[in-house]
Amino acid sequence: MAEIKLAAEARNDFGKGAARRLRREAKIPAVVYGHGAEPKHVAVDSHALMMALKTPNALIRLEGEGTDELVIPKAVQREAIRRFLVHVDFLAVKKGEKVGVELPIQIEGELAPGGNLLEHLLNTLPVEAEATHIPESVTVSIAGLDAGHTVLAKDIELPAGASLAVDGDTPVLQVVAAQAEAPAEAAEAEGAEG
């Protein structure tokens, strides 16, 4: 994964008022944690950050005002209604260091014929990967799977350099048979009683 460069400026004002002023200036307050150092409070351009966060587990280089640090987003806070960015916590990382991330699960193939349904027990797969080589996702083939089949975490082929950060016997996907609908007469009878 290529690193994304973002300009960051140090911030010394804290609290709701300072955060609101930053947002009016199209900047997002953020904090950089990690490696036993004191947290660094920075402000980042909101549009550039929003675009960077479209990539899951984005590797970001924060540059400016004495800051030159590799980070990954760990907690992203958004406004409840309009989903605007409000605050971001970054985790400082180093080349060669392993970090825990959650990879989106991509599905390929078609289930066996017969009206089977795919149930997602996990939407992301927790893994450990080298900080500068975080995969974007994992792909799971469901081709020909029939009702009753469960895909476990250990069954998923991981990208090179990644290892599971969850028990291998954890169910990830499950194929279930479609439920038959109740006959129309029974449904009408139940409706008349209520």
Notebook entry, point to check: Taking one equal scatterer on every alpha-carbon of the stretch 59-170, how large is log10 of I(q)/I(0) by Debye at q = 0.18 1/Å?
Noted result: -0.99
Notebook entry, point to check: Under the definition of Cα pairs under 8 Å and six or more residues apart, what whole-number percent is the relative contact order of the chain?
Noted result: 17
Checklist line | Electrostatic dipole magnitude of the stretch 30-79 [Cβ: Lys, Arg +1; Asp, Glu -1; Cα centre; debye, to 20] | finding: 280
Notebook entry, point to check: Can you give the convex hull volume of the alpha carbon atoms of the stretch 122-175 per residue, in Å³?
Noted result: 74
Next item on the list: Treating the angle as unsigned and between 0 and 90°, give the value, to the nearest 10°, between the Cα long axis of helix 184-193 and the longest Cα principal axis of the chain.
Entry: 80
Notebook entry, point to check: Beyond 18 Å, what share of the Cα-Cα pairs of the stretch 1-108 remains, rounded to the nearest whole percent?
Noted result: 48
Next item on the list: Enter the accessible area per residue of the chain (Å², integer; probe 1.4 Å; all protein chains in place).
Entry: 59
Item checked: Cα-only radius of gyration and Dmax that characterise the stretch 30-90, units Å -> 11.6, 36
Notebook entry, point to check: So, with +1 on the Cβ of K and R and -1 on the Cβ of D and E, and no other charges, what is the size of the charge dipole of the chain about its Cα centre, to the nearest 20 debye?
Noted result: 1500
Notebook entry, point to check: For the stretch 1-55, what D do you get in µm² per second when you plug the Kirkwood radius from alpha-carbon pairs into Stokes-Einstein at 4 °C and 1.567 mPa s?
Noted result: 107
Next item on the list: Sticking to Cα atoms, compute the Rg of the chain to one decimal and its Dmax as the biggest Cα-Cα distance, whole number, in Å.
Entry: 22.6, 74
Next item on the list: Give me the distance in nm between label points sitting 7 Å out from Cα along the Cα-to-Cβ direction at Ala26 and Val86, one decimal.
Entry: 2.3
Check: Points 7 angstrom from Cα along the Cβ direction at Asp68 and Glu97: gap in nanometres?
Finding: 1.7
Next item on the list: Within the stretch 47-67, which residues have the backbone N less than 15 Å from the label spot 7 Å out from Ile4 along Cα→beta-carbon, could you tell me?
Entry: 47-63
Check: Counting only the backbone N, which residues of the stretch 128-161 are under 20 Å from the spot 7 Å out from the Cα of Ala178 toward its beta-carbon?
Finding: 142-150
Next item on the list: Work out the charge dipole of the chain with +1 on the Cβ of Lys and Arg and -1 on the Cβ of Asp and Glu about the Cα centre, then indicate which of Val175, Gly109, Val76 is farthest towards its positive end.
Entry: Val76
Notebook entry, point to check: Using a probe of 1.4 angstrom, how much of the accessible area of the stretch 23-148 is carbon and sulfur, in percent?
Noted result: 50
Note to self: Taking 26 Å as the cut-off for C-alpha to C-alpha distance, list the pairs among Lys40/Lys154; Lys5/Lys74; Lys16/Lys94; Lys94/Lys154; Lys27/Lys98 that go past it.
What the structure shows: Lys40/Lys154; Lys16/Lys94; Lys94/Lys154; Lys27/Lys98
Check: Which trypsin sites (Lys or Arg not before Pro) does the stretch 42-112 hold that lie in a coil by DSSP with at most 11 other beta carbons within 10 Å?
Finding: Lys54, Arg82, Arg83, Lys95
Check: Cα centroid distance between the stretch 23-90 and the stretch 110-132, in Å?
Finding: 28
Check: Direction-averaged shadow area of the convex hull around the Cα atoms of the stretch 66-107, nm²?
Finding: 5.1
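The values are calculated or read from the model by the stated rules, or taken from the named source; none is laboratory data. Values in this document were obtained by computation on a predicted structure and should not be read as measured data. Neighbour counts are summed over all protein chains in view; Cβ atoms, including those assigned to glycine, are modelled from backbone coordinates with ideal geometry. The accessibility values were calculated without ligands, DNA or RNA, using every heavy atom of the protein model including side chains. Shrake-Rupley method; radii C 1.70, N 1.55, O 1.52, S 1.80 Å.
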